Amino acid sequence: MNEDGDGLLTIGALARLTGVTVKTVRRWSDEGLLPPAARTPAGYRLYGPDAPARLETVRTLRELGIGTAEIRAVLHSGRTVADAARHWADALDAQIRTLRLRRAVLRAVAARGTAAEELPDVHRLARLTAAERRRVIEEFVTDALDGVAAPAYRAGLLAAAPDLPEDPAPAQLGAWLDLAEHVQRPEVRAALRRLAEYSARTAPAVPSATAAEDAARVAHLMRERGEAALAAGVAADSPAAGPVVAELVAAWLPTQAGTADPPERDDARARRLLLEQLEAAAEPHVERYWQLMCVATGRPQPPRWDAAGAWTAAALRAHPEPGPGVVLPPAPDAQRALYVYERVAAHVTALVDAVPEEALERPTPCDGWTVRQLIDHMTWENLMINSIARDAPRADQDADHLGADHAAAFRESVAGLLAAFTGSGMLTRTYGPYEASGALFAQQAAVELLAHGWDLARALGAPTGLAPEVADEVLAAARGVYGAAPRTEGGSFAPERPAPEGAGGADRLAAYLGR
């Protein structure tokens, strides 16, 4: 290793000592990072005793990604190692942000199925600055609300302009891309304008200090009561919905105190105004706007209450003015109600068992429902009443209750409900604030099952004379349960129709329920 007797190292010796290749040592020497201490008469490089330590420093800095010029400055004392590390850490941060943005764009492109011609726009939108993103929303709001005197509403929209984090998750970036496209659609701008115009007409001249909290409280109550009614199977146009409507109107009235000509009591006018407010707020384009905005910015999403809102609106239409309250029909004989349900369930089960797979997508007399959706609804009704017997009402009406075998799922729901009727004491208990008899649930289950069984028979082209031995009793029960129910838009039943001459009980039940 000592080529000249002075303790100097040849390039090969230095390479062997440090584990760095001769080629790399030569390159770093040529770059001025490892200058030789001397040369042999033949011109070969010789390195001093400090060379191994210097070489280790160079190697470490290179492995950390620090550039040649920066290393040279450190080695010549023009910059400290700490300064160099800080500088390159900042540079790496910028690179990492860029790479993460690119990754998020690619993930969004993959998830959205972006076409080649759309890719430049997607990339451009993803790279907008915070100020540029704000400008997109400001232009949308300004255009949509042009000429509408709703300053508070406008200010609320602008205050929520998107502010993506420096390292957006793919879902956040995807939401921003969807939002940027969403606000360009004329129908979205029209929906926002309608809502702003309603706000301009109805907003208090001087909002109270707690106006926002009061409105949120009432909205929460409406969602809570609507969801509870849906879970309990309370039809919006049934007498049982009346007290719920009265409670919601009473909670809403104080929030209108500062409006022009506010309603003072629960009457037809108050209910009409509340319904108008719910219908104005039910703008799916605006709801989608806020959902995307919340995802993009990482804010908590506003709770969805479309199903509860639809129920509340339907209940207001069905109960346009205060009524006498709930008047339950007399409780039927428990054992007779059980027998009637058993006979109806047997006929409908045989009908469901005969439904082939290829018929599941056929339409039915229930508007918008296929055969599969109809069977799913009947299954859910059995499951829901069963859950009431266990004091744990279900709230999964929109879930799939059939799985891969529609017939087996329906049979299982019937067997479970029969077990609840006979094994839980349900038929002799009472439920809810109105102390409804469990036997009434059995009677109502028979009505629902026979009515929907008739729908299924019609969809399949099968005979509709189901359960003839008890169908007249089911019709009489339906008149008792639903006789006071209004026939309104969005309600359970259409206006009664005349039954064909000589029709059996199931056909007359269908006619009574507006089939």
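In the stretch 276-298, the residues that are on the phi > 0 side of the Ramachandran plot form Cβ pairs under 9 Å with partners that are assigned to a helix (DSSP H, G or I), at six or more places apart or across chains, as follows: Gly298/Gln172.
Exactly one of (1) outside any loop (DSSP other than H, G, I, E, B); (2) open to solvent by less than 70 Å² (accessible area, probe 1.4 Å); (3) of a type in the set (Asp, Glu) is unmet by Asp266. Its number? Asp266 satisfies every listed condition except (1). Evaluating Arg299 against the criteria (1) within 18 Å of Glu227 (Cα to Cα); (2) open to solvent by 70 Å² or more (accessible area, probe 1.4 Å) leaves one unmet condition, (1). None of Val340, Val355 is out of contact with any His (no Cβ under 6 Å at 6 or more places or on another chain) and buried (at least 22 other Cβ atoms within 10 Å of the Cβ) except Val340.
Scanning the stretch 363-396 for residues that are within 25 Å of Gly438 (Cα to Cα) and either part of a loop (DSSP other than H, G, I, E, B) or open to solvent by 70 Å² or more (accessible area, probe 1.4 Å) (or both) yields Arg390, Asp391, Ala392, Pro393, Arg394, Ala395, Asp396.
Determine whether the stretch 418-435 contains at least one residue that is touching a His at 6+ places or on another chain (Cβ under 9 Å), surrounded by 16 or more Cβ atoms within 10 Å (Cβ to Cβ) and within 22 Å of Asp353 (Cβ to Cβ). Taking every residue of the stretch 418-435 in turn, none turns out to be touching a His at 6+ places or on another chain (Cβ under 9 Å), surrounded by 16 or more Cβ atoms within 10 Å (Cβ to Cβ) and within 22 Å of Asp353 (Cβ to Cβ).
Scanning the stretch 487-515 for residues that are modelled with pLDDT under 85 and either buried (at least 17 other Cβ atoms within 10 Å of the Cβ) or in a helix (DSSP H, G or I) (or both) gives Thr488, Gly491, Ser492, Phe493, Arg515. Only a single item in (1) open to solvent by 30 Å² or more (accessible area, probe 1.4 Å); (2) within 27 Å of Val245 (Cα to Cα); (3) in a helix (DSSP H, G or I) is not met by Pro320, and it is number (3). Per the conditions (1) open to solvent by 60 Å² or more (accessible area, probe 1.4 Å); (2) outside any loop (DSSP other than H, G, I, E, B), the sole criterion not satisfied by Ala314 is (1). In the stretch 276-296, the qualifying residues are those that are open to solvent by 30 Å² or more (accessible area, probe 1.4 Å) and more than 15 Å from the chain's Cα centre (by Cα), and the one that is farthest from Pro263 (Cα to Cα) is Ala282. Going residue by residue through the stretch 199-220, is there one that turns out to be at pLDDT 85 or above and farther than 22 Å from Glu276 by Cα? No - not one qualifying residue is present in the stretch 199-220. Apart from one condition, Arg479 fits all of (1) in a helix (DSSP H, G or I); (2) at pLDDT 90 or above; the exception is (2).
Looking only at the stretch 155-189, residues that are under 30 Å from Gln256 (Cα atoms) and touching a helix residue (DSSP H, G or I) at 6+ places or on another chain (Cβ under 8 Å) come to 7 in all. May I ask you to list the residues in the stretch 231-259 that are open to solvent by 20 Å² or more (accessible area, probe 1.4 Å) and under 10 Å from Thr312 (Cα atoms)? Residue satisfying the conditions is Val244 alone. Looking across Ala334, Ala346, Ala318, one residue alone is within 22 Å of Ala282 (Cβ to Cβ) and either under 36 Å from the mean Cα position of the chain (by Cα) or not basic (Lys, Arg) (or both). It is Ala318.
Give the stretch 397-414 a look and list any residue that's closer than 20 Å to Ala232 by Cα and open to solvent by 20 Å² or more (accessible area, probe 1.4 Å), or say none. Result: Gln397, Asp398, Ala399, Asp400, His401. Being open to solvent by 10 Å² or more (accessible area, probe 1.4 Å) and not in a loop (DSSP other than H, G, I, E, B) is a description that does not apply to Asp455. Taken over the stretch 135-171, the criterion of being open to solvent by 50 Å² or more (accessible area, probe 1.4 Å), farther than 22 Å from Glu197 by Cα and not hydrophobic (A, V, I, L, M, F, W, C) is satisfied by Arg135, Asp163, Pro165, Glu166, Asp167, Pro170.
Residues in the stretch 432-459 that are farther than 22 Å from Arg479 by Cβ and either of a type in the set (Val, Ile, Thr) or touching a helix residue (DSSP H, G or I) at 6+ places or on another chain (Cβ under 6 Å) (or both): Leu456, Ala459.
The values are calculated or read from the model by the stated rules, or taken from the named source; none is laboratory data. Keep in mind the model is a prediction, meaning the values are calculated, not measured. Note that we place each Cβ from the backbone using ideal geometry, even for glycine, and neighbour counts take in every protein chain shown. With ligands, DNA and RNA removed, areas are computed over all heavy atoms of the protein, side chains included. Shrake-Rupley method; radii C 1.70, N 1.55, O 1.52, S 1.80 Å.
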